[in-house]
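Asker: Let me give you the structure first, and then I'll get to my questions.
The values are calculated or read from the model by the stated rules, or taken from the named source; none is laboratory data. Here the structure is a predicted model, which is why all the values come from computation and not from measurement. Ideal geometry is used to build each Cβ from the backbone, glycine not excepted, and the neighbour counts take in all protein chains shown.
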Amino acid sequence: MAAPAGERPRVRVAALMILDGKVVTVRHRAGTAVYHLLPGGGVDWGETLQAALEREVLEETGLSAELGPLLFVNDTIDPSGRRHVVNITFAATITGGRITTSPADKRVEAVDLVRPEELSALDLRPPMAGALQSALAGRAIVSEYLGSLFTAGA
């Protein structure tokens with residue numbers, strides 16, 4: 001029996017992208033709280049991780065991106081039990097576009113370029129500045145995303 005929709009984890013993809021030697025982040029504001037995320041967002045039903053990443057990056061930043069290697073998978077579970085997100089972070093390469101000043105995603109206040117060594121000073125959500133800095137320094141374990149592998153009869 002499947003879990004009720006409110007009890008299912010949400011899947012979020014995110015892109016670690018570099019532009020002019022800086023990490024592309026998106027700034028959100030919730031009331032008085034300002035925090036940063038890597039560009040990305042929720043995966044829709046029937047959508048591949050790659051398609052979701054490309055769509056979300058474009059909506060939030062105005063940039064076109066090409067999916068690169070899988071870097072990290074982590075959970076974000078609210079202790080109250082109200083929210084469970086599975087975060088899947090990929091390296092991505094910018095292939096076109098320009099940083100927008102009017103993101104299509106209204107939750108995004110701005111697109112910020114951040115020097116890797118300054119990531120730790122941000123309220124980065126999820127709090128993974130150290131892991132991102134390690135990946136950028138070539139110290140991360142890199143995996144491969146194989147895409148959608150469904151075959152009829154499987």
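Asker: Are there any pairs with C-beta distances below 8 angstrom linking a residue in the stretch 68-87 that is under 16 Å from Gly41 (Cβ atoms) to a residue that is among the aromatic types (Phe, Trp, Tyr), with the two at least 6 apart or on different chains, and if so which?
Answerer: Between residues of the stretch 68-87 that are under 16 Å from Gly41 (Cβ atoms) and residues that are among the aromatic types (Phe, Trp, Tyr), the close pairs are Asn87/Phe72.
Asker: Kindly list the number of the only condition in (1) at pLDDT 95 or above; (2) touching a helix residue (DSSP H, G or I) at 6+ places or on another chain (Cβ under 7 Å); (3) not acidic (Asp, Glu) that fails for Phe72.
Answerer: (1)
Asker: Condition first: modelled with pLDDT of 95 or more and either in a loop (DSSP other than H, G, I, E, B) or closer than 13 Å to Leu38 by Cβ (or both). Now tell me which residues in the stretch 107-116 satisfy that.
Answerer: Result: Val111, Asp112, Leu113, Val114, Arg115, Pro116.
Asker: When you go through (1) under 17 Å from the mean Cα position of the chain (by Cα); (2) modelled with pLDDT of 95 or more; (3) more than 28 Å from Asp78 (Cα to Cα); (4) of a type outside the set (D, E, K, R) one by one for Leu119, which number turns out not to apply?
Answerer: The failed condition is (3).
Asker: Next up: Tell me yes or no: at least one residue of the stretch 37-59 is part of a strand (DSSP E or B) and either over 13 Å from the mean Cα position of the chain (by Cα) or more than 26 Å from Ala135 (Cα to Cα) (or both).
Answerer: Narrowing the stretch 37-59 to residues part of a strand (DSSP E or B): 37, 40-42.
Of the ones still in play, those that are also either over 13 Å from the mean Cα position of the chain (by Cα) or more than 26 Å from Ala135 (Cα to Cα) (or both) are none.
Checking the stretch 37-59: not a single residue is part of a strand (DSSP E or B) and either over 13 Å from the mean Cα position of the chain (by Cα) or more than 26 Å from Ala135 (Cα to Cα) (or both).
Asker: I'd like the residue in the stretch 18-36 that is within 13 Å of the chain's Cα centre (by Cα) and β-branched (Val, Ile, Thr) and, out of all such residues, is farthest from Ala131 (Cα to Cα).
Answerer: Result: Val26.
Asker: A further question on this structure: With the requirement that a residue be of a type in the set (Phe, Trp, Tyr) and exposed (fewer than 13 other Cβ atoms within 10 Å of the Cβ), what does the stretch 30-46 give you?
Answerer: Hit for the stretch 30-46 is Trp45, nothing else.
Asker: A further question on this structure: Look through Gly130, Gly97, Gly81 and report the one residue that is exposed (fewer than 15 other Cβ atoms within 10 Å of the Cβ), of a type in the set (Gly, Ala, Ser) and touching a Ser or Thr at 6+ places or on another chain (Cβ under 6 Å).
Answerer: Gly97
Asker: Quick one: which of Arg27, Arg12 is touching a Phe, Trp or Tyr at 6+ places or on another chain (Cβ under 9 Å), touching a residue at least 24 places away in the same chain (Cβ under 8 Å), part of a strand (DSSP E or B) and buried (at least 16 other Cβ atoms within 10 Å of the Cβ)? Quick ask: steps written out before the conclusion?
Answerer: Working: Arg12 fails: touching a Phe, Trp or Tyr at 6+ places or on another chain (Cβ under 9 Å).
Of Arg27, Arg12, the one residue that is touching a Phe, Trp or Tyr at 6+ places or on another chain (Cβ under 9 Å), touching a residue at least 24 places away in the same chain (Cβ under 8 Å), part of a strand (DSSP E or B) and buried (at least 16 other Cβ atoms within 10 Å of the Cβ) is Arg27.
Asker: Over 12 Å from the mean Cα position of the chain (by Cα), part of a strand (DSSP E or B), more than 21 Å from Arg27 (Cβ to Cβ) and hydroxyl-bearing (Ser, Thr, Tyr): does that describe Thr95?
Answerer: Yes; evaluated as a whole, the condition is true for this residue.
Asker: So if I check each of Arg55, Arg125, Arg107, Arg115, which one is among the charged types (D, E, K, R), within 19 Å of Val26 (Cβ to Cβ) and touching a Leu at 6+ places or on another chain (Cβ under 9 Å)?
Answerer: Answer to the selection: Arg125.
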